[in-house]
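The values are calculated or read from the model by the stated rules, or taken from the named source; none is laboratory data. Since this is a predicted model, take the numbers as computed values, not measurements. Positions of Cβ are backbone-derived with ideal geometry, glycine not excepted, and every protein chain shown enters the neighbour counts. Note: areas computed on protein heavy atoms with side chains; ligands, DNA, RNA excluded. Shrake-Rupley method; radii C 1.70, N 1.55, O 1.52, S 1.80 Å.
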Amino acid sequence: MAKLTVRDLTAEQLRGRRALVRVDFNVPLDEHGHITDDTRIRAAIPTLELLVERGARVVLLSHLGRPKGKPDAKYSLEPVARRLKELMPRRDVSFVESTDTDEAQKATMALTDGQVVLLENTRFLGGEESNDPRLARGLAQLGDLYVNDAFGAAHRAHASTEGVAHHLSPAVAGLLMDRELAYLHGALEQPGHPFVAILGGSKISGKIDVIDALLPKVDALLVGGAMACTFYKAMGLEIGKSLVEPDRVEMAKELLEQAGTRLILPHDATVAADLKSGASARAVPRDGIPADMAMLDIGPRTAESYARAILSARTVLWNGPMGVFETPPFDKGTRAIADAMASATGRGATTIVGGGDSAAAVEQFGLAPKMSHVSTGGGASLEFLEGKALPGVDALTER
Ligand code: ADP
Ligand code: MG
């Protein structure tokens with residue numbers, strides 16, 4: 001866990017040296033290739049500024065989208081380089097259209113102290129996702145030391161996240177990576193109690209290991225989202241047309257038996273015939289879901305009692321929306337959780353949001369600044385919460 005970070009590197013160690021920095025610039029693009037959300041680019045800037053301030057020559061690697069191991073203009077990082085330039089107006093930022101080539105190598109050698117170059121998408125390279133040792137060695141030629149700030153990609157053992165780290169020394173965590181790990185590790189290992197976790201989202205299947213890992217650590221695990229319906233089904237309740245995973249009902253039964261009173265399911269549900277019928281949405285008790293309706297959000301009583309639990313907690317960890325928050329009025333439960341967490345932060349609690357859609361919800365409500373931490377890595381944060389090692393972190397130099 002205790003890995004070196006960029007903060008540990010002095011100007012003497014950094015000046016004149018090429019810092020090969022793996023960032024997560026995997027930003028969402030619209031159909032015209034325009035960046036619709038630059039949060040991930042902004043999130044890397046503190047690390048880049050620290051390196052530049054201390055005189056390093058910064059070489060950036062990132063993936064974008066899923067180009068399947070060959071160049072695909074749709075997924076070029078060129079627009080990202082343009083955005084990065086706008087975000088670092090006082091710095092010298094350039095872009096090179098290839099990655100592990102002589103051209104790229106020369107560009108890194110031509111850098112002067114404090115200059116920044118972004119290389120092309122690592123997933124244009126066949127060996128990236130297979131963690132090809134030759135590619136890892138090739139990438140290591142692009143820098144003199146390694147910084148991994150791509151928390152969102154740390155759960156994947158790829159050539160640019162894991163392989164390359166073995167060939168450069170030191171290999172350190174960036175500021176974003178360090179912050180992500182500190183919050184998640186802190187919640188799991190030294191949470192202030194009461195420790196309340198809230199889990200929701202569409203599927204129970206991807207989150208069973210998280211439930212297993214969190215149950216022994218939390219004081220209460222509050223369930224929402226469509227995930228609740230699979231538990232209802234396991235309890236023999238009518239769930240109507242709600243989203244359910246029939247092949248997970250047995251597992252849900254077992255979880256309910258083991259969990260005791262710490263696993264809490266919604267008492268009531270907001271139901272409607274379908275997503276377009278928001279106007280006729282109504283609240284019903286959980287044993288009163290009509291056969292021709294679907295649960296699309298937690299009900300108001302549940303939202304209130306979950307909010308109370310959150311307000312009395314010292315540590316709150318949230319993953320997965322409570323309902324179909326993208327389509328009002330089914331955003332109410334998710335909003336209630338986000339509002340309660342924002343207030344809890346104000347009262348001194350540590351509040352952490354993990355998961356791509358939950359983070360998007362919190363952003364959409366304008367409440368991200370009111371959380372202690374909003375994770376930039378959905379998959380990586382889930383794997384961390386499951387107790388799995390993150391290969392991109394494991395490969396870094398011990399303190
Ligand atoms: P995260 O990305 O935060 O981990 P998930 O990907 O697991 O979250 O789930 C998010 C999705 O779950 C959202 O698109 C939301 O619309 C959906 N969802 C939540 N509750 C329900 C529900 N009751 N019925 C159908 N979909 C739901
Ligand atoms: Mg998601």
Q: For residues that are charged (D, E, K, R) and modelled with pLDDT of 95 or more, scanning just segment 4-41, find the one that is surrounded by the most Cβ atoms within 10 Å (Cβ to Cβ).
A: Arg22
Q: Being assigned to a helix (DSSP H, G or I) and not assigned by TED's automatic domain parsing to the domain that holds Asp357 narrows it down to one of Pro71, Pro79, Pro67, Pro89, so name that one.
A: Pro79
Q: Scan segment 387-399 and give yes if some residue there is touching a Pro at 6+ places or on another chain (Cβ under 6 Å), among the β-branched types (Val, Ile, Thr) and surrounded by fewer than 24 Cβ atoms within 10 Å (Cβ to Cβ), otherwise no.
A: yes
Q | In segment 326-357, the residues that are farther than 16 Å from Val196 by Cα and under 18 Å from the mean Cα position of the chain (by Cα) | A | Gly355, Gly356, Asp357
Q.
Given the condition assigned by TED's automatic domain parsing to the domain that holds Glu238, within 27 Å of the chain's Cα centre (by Cα) and open to solvent by 40 Å² or more (accessible area, probe 1.4 Å), answer yes or no: does some residue in segment 312-323 qualify?
A. yes
Q | Any hit, segment 165-174, residues being of a type in the set (Ser, Thr, Tyr), assigned to a loop (DSSP other than H, G, I, E, B), assigned by TED's automatic domain parsing to the domain that holds Arg66 and buried (at least 24 other Cβ atoms within 10 Å of the Cβ) | A | no
**Q.** Unique match (being of a type in the set (D, E, K, R) and outside any loop (DSSP other than H, G, I, E, B)) among Asp178, Asp113
**A.** Asp178
Q) Under the condition of being under 24 Å from Arg308 (Cβ atoms) and basic (Lys, Arg), which residue from segment 179-233 is least open to solvent (accessible area, probe 1.4 Å)? A) Lys207
**Q.** Tabulated pairs, segment 358-379, first within 16 Å of ligand 2 (Cβ to nearest atom), second among the basic types (Lys, Arg), C-beta under 7 angstrom, 6+ apart or interchain
**A.** Thr376/Arg40
Q. In segment 281-399, which helices (runs of 4 or more DSSP H) lie fully inside it and hold 1 or more residues that are within 11 Å of ligand 1 (Cβ to nearest atom)?
A. 332-346, 356-364, 378-385
Q: Answer yes or no: is there a residue in segment 186-199 that is outside the structural domain of Val59 (by TED's automatic domain parsing) and within 27 Å of Glu12 (Cβ to Cβ).
A: no
Q. For residues in segment 7-60 being among the β-branched types (Val, Ile, Thr) and more than 20 Å from the chain's Cα centre (by Cα), which is farthest from Ala360 (Cα to Cα)?
A. Thr10
